[in-house]
Amino acid sequence: MDNVVRKYIRYTLNGKQFNPDVVVDLIRLRKASILEKLFKTNLLKF
């Protein structure tokens, strides 16, 4: 997932117009990737 996030951020910053919607998308993507990491960590504890 981290590679996907990094590639999307790079694509977004290089290829798209930077506007408030792009910022919201990047924040959501970051939160989703953090939640995935937390889920995997908690899953391994069981």
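Read the figures in this text as sums done on the coordinates, not as results from a lab. Because the structure is predicted, anything quoted here is derived from the model rather than measured.
When volume of the Cα convex hull per residue in Å³ is calculated for this entry, the matching label among (i) 43; (ii) 23; (iii) 56 is (i). Here the extension length gained between residue 39 and residue 17 equals 4.6 nm, from 0.36 nm per residue of separation less the Cα-Cα distance. Compared with the dominant principal axis of the Cα atoms in the chain, helix 20-45 is inclined by about 10°.
For residue 45, the lysines whose Cα falls under 22 Å of its own Cα, not counting residues fewer than eight places away in the same chain, are 31, 37.
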